[in-house]
Ligand code: AMP
């Protein structure tokens with residue numbers, strides 16, 4: 001069975017065509033600058049050179065039509081016709097409290113996702129547009145929605161409720177939802193495999209450290225706490241997002257800096273995090289280089305970031321009454337041995353013993369704690385596309 005995975009952003013679209021008989025990637029790619037001058041499709045078939053196709057793409061339907069053309073093209077394609085695509089899995093950011101797992105997309109599901117637009121105004125609209133466009137172009141293929149929030153729907157009320165007037169939860173659904181659910185689910189299942197244990201018996205802490213970053217406590221395969229909240233702004237310091245701050249800072253800076261709601265939103269989402277502290281970049285590679293060159297604010301940004309991850313790990317171990325495995329994933333988690341060491345430094349009291357030599361690598365799945373370590377530390381490259389394809393297969397089978 002061949003499954004197309006689609007992940008629509010506001011002006012971009014990522015895709016991956018997978019053959020689920022062996023979970024191999026037949027083709028993948030990215031469309032950028034949708035609806036803007038200079039639209040470009042980068043298309044890849046493993047083992048061949050990447051193709052760059054520059055053609056105007058006025059909307060997501062145009063973009064998906066171009067992707068389907070590339071996939072079925074005689075020279076650069078991976079399949080002969082649209083009919084070979086048996087199903088489509090869509091990444092959707094926010095499903096509110098409605099779905100705790102992936103579902104076959106129907107008109108009712110789309111309506112439910114539209115109701116969540118208020119909760120994810122930047123993400124859900126392009127996701128929905130992508131679903132509708134794909135339905136038009138591939139009317140025979142069943143569509144499945146895989147939601148970033150779904151995995152965290154297992155949190156108990158005490159984990160998701162905010163200490164503000166309860167009526168605001170009832171009226172506006174203000175509560176913790178959590179994000180990166182597909183990634184946390186994937187790496188936790190993979191960790192159980194690597195440890196040779198049943199996930200039902202494990203307490204895991206998954207650290208998804210990329211440009212967006214979150215930590216999740218996973219007990220018996222279920223999310224019990226997660227650092228992102230009502231929006232993906234809460235929790236860790238991120239590339240450009242502030243994460244946890246005293247909420248009084250918001251009104252204070254609005255007054256002192258004379259900022260309106262949009263401006264303060266922009267500051268907290270786009271000008272904060274490690275970019276805000278360092279003043280150098282939102283990319284850890286640039287910040288690490290600057291820190292090595294003696295830039296003190298860059299060094300401070302890294303230390304502040306690592307400290308928060310450590311704080312979440314320790315507090316989640318307490319929430320679960322212990323921890324068997326700590327997982328590092330996403331750009332920084334998979335690729336930065338120094339940050340992994342800095343984050344786990346001081347966690348020896350919990351039974352974490354890092355293997356400095358094993359940890360000195362990047363980019364594949366590996367246990368990086370010592371044999372004797374009570375708590376195992378694992379590096380696991382995330383694969384949200386595979387998880388989406390697996391869910392899609394499961395539902396359409
Ligand atoms: P992601 O959002 O998962 O694609 O992660 C992107 C982030 O990972 C980048 O902004 C970098 O900060 C970080 N990253 C990727 N590769 C490295 C590396 N080799 N060393 C340090 N950080 C890295």
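What follows is calculated from the coordinates using simple rules that are stated; it is not laboratory data. Remember, predicted model here, so these are calculated numbers, not experimental data. When we count neighbours, we look across all protein chains shown, and the Cβ atoms used for this are built from the backbone with ideal geometry, even at glycine.
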>> As I understand it, the value is the acute angle between the Cα axis of helix 124-137 and the longest principal axis of the Cα atoms of the chain; what does it come to in degrees, rounded to 10?
In response: 20
> What's the long-distance tail for region 344-397, i.e. % of Cα pairs beyond 17 Å?
Replying inline: 51
>> Could you tell me the calculated FRET efficiency between residue 106 and residue 355, based on Cβ-Cβ distance and R0 = 45 angstrom, to the nearest 0.05?
In response: 0.35
> So what is the relative contact order of the chain, in percent, for Cα pairs below 8 Å that sit 6 or more residues apart?
Replying inline: 14
> If one computes the Cα centroid of region 189-224 and of region 8-24, what distance in Å separates the two points?
Replying inline: 23
>> Using a Debye calculation, one point per C-alpha and no hydration shell, please list log10 I(q)/I(0) for region 193-330 at q = 0.20, 0.21 Å⁻¹ in order.
In response: -1.12, -1.17
>> Cβ neighbours within 10 Å, averaged per peptide: list 3-11, 312-320 in order, most packed at the top.
In response: 3-11, 312-320
>> Please report Rg (one decimal) and Dmax (integer) in Å for the Cα set of region 114-204.
In response: 17.3, 47
>> Once you keep just the Cα pairs under 8 angstrom separated by 6 or more residues, what percentage relative contact order results for region 1-131?
In response: 23
>> For the chain, set up a GNM with springs between Cα atoms under 10 Å and report which of 305, 349, 328 has the largest fluctuation.
In response: 349
> Separation of region 281-307 and region 323-351 by C-alpha centroid, Å?
Replying inline: 17
> residue 21 to residue 255: FRET efficiency via 1/(1 + (r/R0)^6), r the Cβ-Cβ distance, R0 51 Å, to the nearest 0.05?
Replying inline: 0.25
> Picking from 186, 166, 82, which is most flexible by a Gaussian network model of the chain using Cα springs under 10 Å?
Replying inline: 166
> Using 7 Å Cα-to-Cβ label points, what is the residue 307/residue 170 separation (nm, one decimal)?
Replying inline: 4.1
> Using alpha-carbon positions, what is the distance between the centroids of region 114-176 and region 36-69, in Å?
Replying inline: 28
>> Can you divide the C-alpha Rg of region 1-160 by 2.2 N^0.38 Å and report the result to two decimal places?
In response: 1.07
>> Compute a Gaussian network model of the chain, connecting alpha carbons closer than 10 Å, and tell me which residue from 108, 201, 148 fluctuates the most.
In response: 108
>> Take residue 36 and residue 154, extend 7 Å from each Cα along the Cα→Cβ direction, and tell me the distance between the two endpoints in nm.
In response: 3.8
>> Can you say what percent of the DSSP beta bridges in the chain, counting only those with both residues inside, are antiparallel? Round to 5.
In response: 65
> Helix 296-320 versus the longest principal axis of the chain: what angle, 0 to 90°, nearest 10, using Cα atoms?
Replying inline: 90
> In degrees between 0 and 90, to the nearest 10, how far off the longest principal axis of the chain does helix 181-195 point, with axes built from Cα atoms?
Replying inline: 70
> Residue separation times 0.36 nm, minus the C-alpha to C-alpha distance between residue 75 and residue 48: what's the value?
Replying inline: 8.6 nm
>> Sort 30-43, 352-365, 248-261, 377-390 by packing, meaning the average of other beta carbons within 10 Å per residue, with the highest value first.
In response: 377-390, 30-43, 352-365, 248-261
> In deg cm²/dmol, rounded to 500, what helix-only [θ] at 222 nm does the chain give when every DSSP H run of at least 4 residues adds -39500 (n - 2.57) and the total is split over its residues?
Replying inline: -11500 deg cm²/dmol
> How big is the Rg/Rh ratio for the chain, C-alpha atoms only, Rh by Kirkwood, two decimals?
Replying inline: 0.97
> If each of residue 200 and residue 264 carries a label point 7 Å out from its Cα toward its Cβ, how far apart are those two points in nm?
Replying inline: 4.9
